[in-house]
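Engineer: Would you mind keeping the following structure in view while I ask a few things?
The values are calculated or read from the model by the stated rules, or taken from the named source; none is laboratory data. Being a predicted model, the structure only gives us computed values, none of them experimental. Cβ: placed from backbone, ideal geometry, glycine included. Neighbour counts: every protein chain shown.
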Amino acid sequence: MTWYYSSIPVSTLENILANSSFPVNKIIAKCKTIIANGPPGIFEQEIFRKATNEIIDSMVNATKNGALTIIGGGEMGAAAEMAGKSDDVSFISTAGGAMLEILSGNDLPMIKALREKKL
């Protein structure tokens with residue numbers, strides 16, 4: 001199962017998750033690989049923190065059940081750290097944009113330059 005929360009407008013997602021009417025935990029529990037690139041709201045604000053923590057908690061539970069869980073981006077990593085759960089997911093990348101480029105099959109300029117360098 002693939003679920004892209006980035007395709008849902010942020011304002012809609014914030015409202016959905018803030019009201020706890022969206023079963024994010026049930027959706028994440030069905031996935032074998034979960035990649036979260038950024039929190040669904042402004043997690044620094046209490047009203048949106050619940051939604052972000054719900055996603056992080058769901059990722060932690062999925063990790064315990066054998067899923068590969070990856071957090072990409074400094075903000076989502078900071079949110080996991082703030083929740084005390086950063087060690088409970090599979091991997092945290094502080095370079096979310098670069099991570100997405102690599103996962104999309106694109107080459108990063110520095111990696112390409114290193115690969116092509118003749119020694």
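Engineer: Out of all the residues in segment 52-74, which are surrounded by fewer than 16 Cβ atoms within 10 Å (Cβ to Cβ) and farther than 18 Å from Lys32 by Cβ?
Structural biologist: Answer for segment 52-74, where residues must be surrounded by fewer than 16 Cβ atoms within 10 Å (Cβ to Cβ) and farther than 18 Å from Lys32 by Cβ: just Gly74.
Engineer: Among what's in segment 94-110 and is part of a helix (DSSP H, G or I) and among the small types (Gly, Ala, Ser), pick the residue that is farthest from the chain's Cα centre (by Cα).
Structural biologist: Here the answer is Ala98.
Engineer: Across segment 41-83, which residue is modelled with the lowest pLDDT among those that are closer than 18 Å to Cys31 by Cβ, in a helix (DSSP H, G or I) and small (Gly, Ala, Ser)?
Structural biologist: Here the answer is Ala51.
Engineer: Could you please let me know if Ile27 is surrounded by 17 or more Cβ atoms within 10 Å (Cβ to Cβ) and either under 13 Å from the mean Cα position of the chain (by Cα) or in a helix (DSSP H, G or I) (or both)?
Structural biologist: Considered against the rule, which asks whether it is surrounded by 17 or more Cβ atoms within 10 Å (Cβ to Cβ) and either under 13 Å from the mean Cα position of the chain (by Cα) or in a helix (DSSP H, G or I) (or both), Ile27 comes out as no.
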